[in-house]
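S.K.: Mind looking over this structure? Questions follow.
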Amino acid sequence: MATTKIDIVNRALGLLGAEFITSLTEDTKPARFANELYDDTRDTLFRMHPWNSCIKRAALSLTDNTPAYYFSYEFQLPGDWLRIVRPEDDTLEYKIESDKLVTETNTFKCTYVFRNEAVATYDSLLVETLAAKLAVNLTMPLLQDLETLNAMNSLYSEKLRTARSADAQEGSPEGIDADFWLESRTAGSGLSNYRWNKYTT
């Protein structure tokens, strides 16, 4: 049976010993808080690693605007954009500003993490990690218990470490090295360091 958003929410509630729900719109405390926190929790987790089930390749669309200075071209980021993984040409200098990307060339291709809402496509380890992260975020609204919060944080850290390790092994070096590549680009100084930190944190 395919996993659904409700399945993930109920996994999180189960970790907390809370009552399960049947809908995010039902008038119960767990449903109200889960409905409020789910999307932001998912997007935050997706930004933390280039998950294989959440990667797209795109040629960005050039806008009619010209940046006021330094860069010459502006591109519109896709509506489901969460984080860049790798540009096709990693020698290009560029910067993300709001929902736009500015650079010196009139074409820009890249892989990026997108807001994948098709829960059935998630890897099982990603499902477990998302449920654990949601449990962390639901602990205080539902239970107000610091001991449980610490336990959920430990569980989440373990799930995240396992899921990232497994996910990173499923691909060629281009995919495997994605996190290392992002981290290495922040190791410099000046504009380059500012640019990469700007959109990878």
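The values are calculated or read from the model by the stated rules, or taken from the named source; none is laboratory data. The model shown is predicted, which means the values in this text are computed figures rather than measured ones. Note that we place each Cβ from the backbone using ideal geometry, even for glycine, and neighbour counts take in every protein chain shown. We work out accessible area using only protein heavy atoms, side chains counted, and drop any ligands, DNA or RNA first. Shrake-Rupley method; radii C 1.70, N 1.55, O 1.52, S 1.80 Å.
S.K.: Within segment 1-56, list the GluC sites (Glu not before Pro) lying in a DSSP loop whose Cβ has at most 15 other Cβ atoms in a 10 Å radius.
M.R.: 19, 26
S.K.: Using the Cα atoms as the points, what is the convex hull volume per residue of segment 3-117 in Å³?
M.R.: It comes to 129 Å³ per residue, whole-number rounded.
S.K.: Provide the solvent-accessible area of residue 73, counting protein heavy atoms only and rolling a 1.4 Å probe, rounded to the nearest 10 Å².
M.R.: Roll a 1.4 Å probe over it and residue 73 shows about 80 Å².
S.K.: For the cross-link pairs 5/100; 100/159; 5/29, which exceed 25 Å when the distance is taken from alpha carbon to alpha carbon?
M.R.: 5/100; 100/159
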